[in-house]
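Please treat every number below as a calculation from the coordinates, not as lab data. What you see is a predicted model; the values in this text were computed from it and never measured.
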Amino acid sequence: MVASHTCTISIERIATMRDQYDARLWTDHHRAASAGIDRLIARIMQAFRVLHSIHWSAPWSDDSRCGA
């Protein structure tokens, strides 16, 4: 009976240690991960801005810019 009790305590300690380890990793790397995600979203938005400008600058429009 005693062995199962000590086994349960050690499993709880391991779980607590793991939670503390994960919490430390989260606080250490949260800012870097957030900054990376922000940069990714900014690059995606820039790509959509470029595609939007390409779509709306039709070279075949009646408004000729060369020699007019």
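Between A32 and L51, what length comes free when the chain is fully extended (0.36 nm per residue of separation minus the Cα-Cα distance, one decimal in nm)?
So the extension gain works out to 3.9 nm.
Pop out the ³J(HN,Hα) list for segment 32-48 in order, Karplus 6.51 cos²θ - 1.76 cosθ + 1.60 with θ = phi - 60°, rounded to Hz; leave Gly and Pro as x.
Coupling constants for segment 32-48: 5, 5, 5, 5, x, 5, 4, 5, 4, 5, 5, 5, 5, 5, 5, 4, 5 Hz.
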